[in-house]
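Please treat every number below as a calculation from the coordinates, not as lab data. Keep in mind that this is a model prediction, so the values were computed, not measured. Note that each Cβ is placed from the backbone with ideal geometry, even for glycine, and that neighbours are counted across all protein chains shown.
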Amino acid sequence: MNATTIRTSPSTKSRAKEAALPKRGPATWLRAVGLEGTLATKLAAAMRGDGGTPRERLRSAIDELVPMAPFDATNAGSSFRVVAVVGPSGVGKTTTVAKLAARARIAGKTVALVSCDAFRVGAIDQLERFAELLSAEMFVARAPAELAEVLDDLLERPEGPPDIVFVDTSGRPPTSQSPEHSLAGWIARAERTRGASEGGPTLEVLLCVAAATRACDAERVARIFAPAGPTAVVVTKTDETCAPAALLHGPEAARLPLAVVCHGPRVPEDVQDADPDVVAALFEGLSPADLSSEHGTRKEGTS
Ligand SMILES: Nc1nc2c(ncn2[C@@H]2O[C@H](COP(=O)(O)OP(=O)(O)O)[C@@H](O)[C@H]2O)c(=O)[nH]1
Ligand SMILES: [Mg+2]
């Protein structure tokens, strides 16, 4: 199973036509793909510049404006990672957990899954099914104390903890009662008790935003989920829109780098590391498959 082999969507040609890069001024095109405000102004200026093809100018403008921090499924430099996924309900959090956990398994890592979503009917069963497919252990934590207990138990295992623990959350705005709210405190405590020499645990909190989210709603999502302490952004459902503005407005609103892009519901295929070429192609209405032939696909464990 190769997580980075991506099929060309049947609608690729029509979407590419809809979003074809402008031959003249870029302002109309930027509006059509949903980009607004200062970001659109900066992109328009960069795209009007000299040198290169329109795609090359778009790519380098994206590279300048949006930091990218691809998800490291190989676990370089950490002995116990906690990766939580937060964001609005229905955005694709549980599916993203499954995709990233599958990538880690493909890279030969051990994973455990924790569901903190005791709210939505069927949410625990959904993660349980993914856990079975991945031969991963799965736990349920309904409150901060339960999550701390699960993580303590995993960390103290005589045979050593799993490489990565993925924490799936409900789409509700985090409060002090939400398990994910307690993660930063748990990490700090674990670091104190274990000491740096033992390689303390690390925490990543991925904020999921759907690709079609407008700039003002991306701001709203970033504000609502700020208490969970996001560290990077995941943009989902790029396959469902020809205006995937949140690829840029999501990271802009959260002031965080883009980690991965999800372009379909399939696990583990429909996920791609953040990369300026991939983002530029998605704005052109191309699927990441169109790029893989130009750039080759990166296999887990070979970076
Ligand atoms: N088209 C498409 N569907 C997706 C994507 N990611 C998730 N989904 C689907 O969106 C629905 C909600 O996903 P889920 O992971 O349960 O969302 P959650 O409520 O945030 O956990 C499911 O039917 C998923 O299969 C994506 O990138 N593209
Ligand atoms: Mg879910």
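A few remarks follow.
- Amide H contacts under 5 Å for Gly87: Cys208, restricted to partners 5 or more places along the chain or on a different chain, H placed in the peptide plane at 1.01 Å from N.
- Magnitude of the charge dipole, segment 81-274, Cβ model with Lys/Arg +1 and Asp/Glu -1, debye to 20: 440 debye
- Which of Leu151, Leu247, Ala232, positive extreme of dipole for segment 81-274 (C-beta unit charges): Leu247
- Taking amide H positions as modeled 1.01 Å from N, with prolines and chain starts lacking one, the residues under 5 Å from Ala232 and 5 or more places away or on another chain are Val205, Leu207.
- 3J(HN,Hα) from dihedral phi, segment 83-91, Karplus parametrisation 6.51/-1.76/1.60, rounded to Hz, x for glycine, proline: 10, 9, 10, 10, x, x, 5, x, 6
- Over segment 81-274: Kirkwood hydrodynamic radius from C-alpha pairwise inverse distances, Å: 16.7 Å
- A simple packing score, the average count of other Cβ atoms within 10 Å per residue, orders the peptides 184-192, 65-73, 270-278 as 270-278, 65-73, 184-192, with the highest score first.
- A simple rule links phi to the HN-Hα coupling: the Karplus curve 6.51 cos²θ - 1.76 cosθ + 1.60 with θ = phi - 60°, which for segment 136-148 gives 10, 6, 9, 10, 10, 10, 9, 8, x, 5, 5, 5, 4 Hz, with x for Gly and Pro.
- Shape index of segment 108-149: Rg/Rh, with Rg the Cα radius of gyration and Rh the Kirkwood radius from the inverse mean 1/r over Cα pairs, equals 1.00.
- Spin-label model distance (nm) - Arg214 vs Arg172, 7 Å beyond Cα toward Cβ: 2.8 nm
- For segment 164-257, the C-alpha radius of gyration divided by 2.2 N^0.38 Å, with N the number of residues, is 1.24.
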